[in-house]
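The values are calculated or read from the model by the stated rules, or taken from the named source; none is laboratory data. In this text, all values refer to a predicted model and were calculated from it rather than measured experimentally. With ideal geometry, Cβ positions are generated from the backbone for all residues, glycine too; neighbour counts draw on all protein chains shown.
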Amino acid sequence: MPRMTVNDRPVEFDLDPQMPLVYALREAANLTGTKSCGGGDCVGACMVLVDGTALRSCRITLSECEGRFITTIEGLSRDRSHPMQQAMVAEQAIQCGYCTPGIVMAGAALLQRNPAPTRAEIEDALQNLCRCGVYPRLVRAVERAGRVTQRRESISAAPAPGINAEDAAVSVPALRVPETSDE
């Protein structure tokens, strides 16, 4: 059973180790913020952080995640206070919302590596497909989130939705939270 840490919680999945991570997250862990087209055609809606690197969760298997740290959109911040989330709202960069979690995760990974990226670096990092076509706003959102990260600006955007991230994960037979010992 593949074991990993998802949103700071150790878990093991009683699922086929060759299953794409996205299905385990959505179906077994009930972390449905990570979107999926089902075949890798969405170009980034399923983006998660794997050991801090933005990766498409449809292209990585559970066995490849063994022992790694996975962060989904639900784990980025419990109250939507991450600068990338706030900047997406403030810059009105959210249209239909399907691609939004993946874009937020790609932007967050970029800002973690480089809090002051150039436009070219932002465009290179955001390989996500947004069918609504809000690319100029996406670039502005990453730039703004970078300024917030550098403490050069503050944002007060959308309030938290009132859903506790811990309540989002349900216990199902395919997901086990390993016992921890205090030894």
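So which residues in segment 19-52 are of a type in the set (A, V, I, L, M, F, W, C) and under 17 Å from LEU126 (Cβ atoms), if there are any at all?
If the condition is that a residue be of a type in the set (A, V, I, L, M, F, W, C) and under 17 Å from LEU126 (Cβ atoms), then CYS42, VAL43, ALA45, CYS46, MET47, VAL48, LEU49 are the ones that fit.
Can you name the residue in segment 163-183 that is under 27 Å from CYS37 (Cα atoms) and either assigned by TED's automatic domain parsing to the domain that holds LEU62 or part of a loop (DSSP other than H, G, I, E, B) (or both) and, of all such residues, is modelled with the highest pLDDT?
Within segment 163-183, the match that is modelled with the highest pLDDT is ALA174.
Among the residues of segment 139-156, which ones are touching a residue at least 12 places away in the same chain (Cβ under 8 Å), assigned to a helix (DSSP H, G or I) and over 23 Å from LEU55 (Cβ atoms)?
Residues satisfying the conditions are ARG140, GLU143, ARG144, VAL148.
Between a residue in segment 5-20 that is surrounded by fewer than 15 Cβ atoms within 10 Å (Cβ to Cβ) and any residue that is modelled with pLDDT of 95 or more and part of a loop (DSSP other than H, G, I, E, B), which pairs come within a Cβ distance under 7 Å, given they are 6 or more apart or on different chains?
PRO17/LEU62
Being in a loop (DSSP other than H, G, I, E, B), free of Cβ contacts under 8 Å to residues at least 24 places away in the same chain and among the polar types (S, T, N, Q) narrows it down to one residue among SER81, SER36; which is it? Give the derivation first.
Numbers: SER81 fails: free of Cβ contacts under 8 Å to residues at least 24 places away in the same chain.
Of SER81, SER36, the one residue that is in a loop (DSSP other than H, G, I, E, B), free of Cβ contacts under 8 Å to residues at least 24 places away in the same chain and among the polar types (S, T, N, Q) is SER36.
Restricting to segment 12-55, give me the number of residues that are β-branched (Val, Ile, Thr), at pLDDT 95 or above and touching a strand residue (DSSP E or B) at 6+ places or on another chain (Cβ under 7 Å).
Here the count works out to 2.
Looking only at residues that are acidic (Asp, Glu) and not in a loop (DSSP other than H, G, I, E, B) in segment 53-78, which one is surrounded by the fewest Cβ atoms within 10 Å (Cβ to Cβ)?
GLU64
Scanning segment 127-138 for residues that are among the hydrophobic types (A, V, I, L, M, F, W, C), crowded, with 21+ Cβ neighbours inside 10 Å and not in a helix (DSSP H, G or I), which turns out farthest from the chain's Cα centre (by Cα)?
Out of the qualifying residues, it is VAL134.
Got a sec? Which of ASP124, ASP41 is free of Cβ contacts under 8 Å to residues at least 24 places away in the same chain and part of a helix (DSSP H, G or I)? Quick ask: steps written out before the conclusion?
Working: ASP41 fails: part of a helix (DSSP H, G or I).
Going through ASP124, ASP41 in turn, the sole match is ASP124.
Of ALA160, ALA116, ALA106, which residue is part of a loop (DSSP other than H, G, I, E, B) and at pLDDT 95 or above?
ALA116
Working only within segment 21-33, note down all residues that are surrounded by fewer than 19 Cβ atoms within 10 Å (Cβ to Cβ) and in a loop (DSSP other than H, G, I, E, B).
Residues satisfying the conditions are ASN30, THR32.
So, in segment 87-104, of the ones that are out of contact with any Ser or Thr (no Cβ under 7 Å at 6 or more places or on another chain) and surrounded by 22 or more Cβ atoms within 10 Å (Cβ to Cβ), which residue ends up nearest to GLY146 (Cα to Cα)?
The qualifying residue nearest to GLY146 (Cα to Cα) is ALA87.
Exactly one of these conditions fails for ARG78: (1) among the basic types (Lys, Arg); (2) at pLDDT below 95; (3) more than 14 Å from the chain's Cα centre (by Cα). Give me its number.
Failed condition: (3).
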